[in-house]
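Read the figures in this text as sums done on the coordinates, not as results from a lab. Just so it is clear, the model here is predicted, and its values are computed rather than measured. Backbone-built Cβ (ideal geometry, glycine too); neighbour counts: all protein chains shown.
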Amino acid sequence: MPKISDGLDDWRRTHYSREVTPDLDGASVTVFGRVQSIRRQGGITFIILNDMKGIVQVTVHRENSERSLLEKVERLPQYSLIGVRGVVRSIVKAPHGAEILPSEIKILSEPRKDLPFDPYGRVEQSIDKRLDLRMVDLLRPQSNAIFKIRSVVLESIREYLYSRDFIEVNTPKIISSATEGGAALFPLLYYDKEAFLAQSPQLYKEQLAAVFEKVFEIGPIFRAEQFRTLKHLSEAVSVDVEQAYVNYIDVMELLEGMLKHVVDTVHKRCECELATLNVKLEPVKLPLKRVTYDEVLHILEGGGVKVEWGEDLSTPILKTYSKIFPSYHFIIDWPTKSKAFYIKPKRDRPEVCESFDFMYGSVELASGGSRIDDRKELTERLKEKGLNPKNFEYHLKTFNYGIPPHAGFGLGLDRFIMVLVGVENIREVVLYPRDPQRLTP
């Protein structure tokens, strides 16, 4: 059985691992972290300590260490959480060119069981095994790097939108009727009424844009789809943006500008994490290519793939087409019947709407467009889609008081992170993914 913790007492961190450099030679420091490895070589013990910033080497010399310290080091299990007080010594072979010669070590927590896999080892485990104990998996340098990059992405998205006067909002995730229509809803009992988990904040953000003009939300969306693929989840995070007095061309420009800012920021701030993942970010050159739906069909036909006009573009079809457009681009001007009821048809060609999908090769990352801003037109579109306007009266009635022209998009954050970090399975980039087979941890 592990011994009782030494306790934190008045110990507090003075430095992170990455800050222990030759510039601190001779300085006293206090660090905390998890024991990544222990190597005993003659009268010297090397401990690699891992914290949120990286690793630091702690070197214990038997000949000039107190007996109490040596006894702790002798029985110290790998993966223990410890605190170390000591003096920094410059040494070329250590991480960052310096090590810590400890005077005291506090053992704060020891593992009670053997870990199901070595998070610092080279043997790759299946994702399901790793997800079953996600906390341990997140000790893996690769998993750890992904979520540090994800945090920077979120920060840079907010930074970009705030700098353009957008207001961050939060909309309900328990709703009375479908936002998008369709059957992919999670029903729940809301007191004595039927309710659903929100598929999208779409209608709410349209109403809010009528007041605040520029709004965005970063939050969960829920889709009760029965299939399990590498790119779908039952709970995902969406970056939803809506702006008044613009159309779909304007919000495409906003989206591609946000993309460039995010990629540039990650490249600048996540050098170590990108190196851990062996990822080289491709620079974003603006403007991105815009390909019409009609042009996509023409390209596919030239490659021997026939798609009837008005049909959606399936993943296998898009994989064929993505050989020509393998990177970021837009597919624009989709058939009206293929898009949601709130997307605005073109005046001169109403069978086509002011819409776009933001793509990376064959992967759809975002969709958006100009929105219908007339109650009568929106009511007719609901009927065309087989939806009952009465179920949307809470939204339709706001049009009685004036709704400006507006446009927006929804970006799938999880898919976007997949593309940035170069992984094939969306579950790698979500801390605790939910799909038809997984409800825990």
Name the long-range amide H neighbours of residue 37: under 5 Å, sequence gap of 5 or more, or other chain; modelled H, no Pro or chain starts.
48
Percent of beta bridges antiparallel (DSSP, the range 17-109, rounded to nearest 5):
95
Within 10 Å of each residue's Cβ, count the other Cβ atoms and sort 30, 276 from fewest upward.
30, 276
Inter-label distance for residue 128 and residue 267, nm, one decimal - labels placed 7 Å from Cα along Cα-to-Cβ:
4.0
As a test of the formula, what do you get for the chain when each DSSP H run with n ≥ 4 contributes -39,500 (n - 2.57) and the sum is divided by the residue count, at 222 nm and rounded to the nearest 500 deg cm²/dmol?
-8000 deg cm²/dmol
So, in nm, how far is label residue 71 from label residue 393 when the simple model puts each one 7 Å beyond its Cα toward the Cβ?
7.9
Can you find, among 420, 211, 144, the residue sitting farthest towards the positive end of the charge dipole of the chain, where Lys and Arg contribute +1 and Asp and Glu -1 at Cβ?
144
Work out, step by step, the length gained on full extension between residue 250 and residue 298: first 0.36 nm times the residue separation, then minus their alpha carbon distance; give nm to one decimal.
14.7 nm
Quote the charge dipole size of the chain about the Cα centre in Debye, to the nearest 20; the model charges only the Cβ of Lys and Arg (+1) and of Asp and Glu (-1).
940
Apply the Karplus curve 6.51 cos²θ - 1.76 cosθ + 1.60, θ = phi - 60°, to the phi angles in the range 42-51 and return the couplings in whole Hz, x for Gly and Pro.
x, x, 10, 10, 9, 10, 9, 9, 10, 10
Local electrostatic count at residue 301 - Lys and Arg +1, Asp and Glu -1, tallied over other residues with Cβ under 12 Å:
-2
Under the 0.36 nm per residue contour assumption, what length would be gained going from the current alpha-carbon distance of residue 109 and residue 135 to full extension?
7.8 nm
Would you mind checking which residues have amide H under 5 Å from residue 86's amide H? H placed 1.01 Å from N; only 5 or more apart, or other chain.
29, 103
The chain: angle of helix 141-162 to the longest principal axis, Cα-based, in degrees nearest 10
50
Exposure proxy check: 262, 136 ranked by fewest other beta carbons within 10 Å?
136, 262
³J(HN,Hα) across the range 205-220 via Karplus (A = 6.51, B = -1.76, C = 1.60, θ = phi - 60°), whole Hz, x for Gly/Pro?
5, 5, 4, 5, 5, 5, 9, 8, 6, 10, 9, 8, 9, 10, x, x
Hey, what do the phi angles of the range 87-98 turn into as Karplus ³J(HN,Hα) couplings, whole Hz, using 6.51/-1.76/1.60 and θ = phi - 60°, x for Gly and Pro?
10, 7, 10, 6, 7, 4, 6, 7, x, 6, x, 7
For a quick check: with amide H placed at 1.01 Å from N, whose amide H comes under 5 Å from residue 334's, ignoring anything fewer than 5 positions away on the same chain?
353, 355
How are the Cα pair distances of the chain distributed, in percent, across 10 Å bins from 0?
4, 17, 24, 21, 14, 11, 7, 2, 0
Ranked 150, 134, 122, criterion: other C-beta atoms within 10 Å, fewest first:
122, 134, 150
Looking at the chain as a GNM with Cα springs under 10 Å, which of 141, 119, 350 has the largest mean-square fluctuation?
350
Give the residue list of chymotrypsin sites (Phe, Trp or Tyr not before Pro) in the range 291-369 that are DSSP loop and have at most 16 other beta-carbon atoms within 10 angstrom.
309
Take every Cα-Cα pair in the range 17-109 and report what % of them are more than 23 Å apart.
13
Dimensionless Rg over Rh [the range 121-230; C-alpha; Kirkwood]
1.08
Measuring from centroid to centroid over Cα atoms, what is the spacing of the range 336-405 and the range 1-61 in Å?
58
Between the range 112-166 and the range 424-441, what is the separation of their alpha carbon centroids in Å?
12
Tell me which lysines have Cα within less than 19 Å of residue 339's Cα, excluding those fewer than 8 residues away on the same chain?
205, 376, 383, 385
As an exercise, use a Förster radius of 56 Å and the Cβ-Cβ distance of residue 176 and residue 21 to find the FRET efficiency, rounded to the nearest 0.05.
0.45
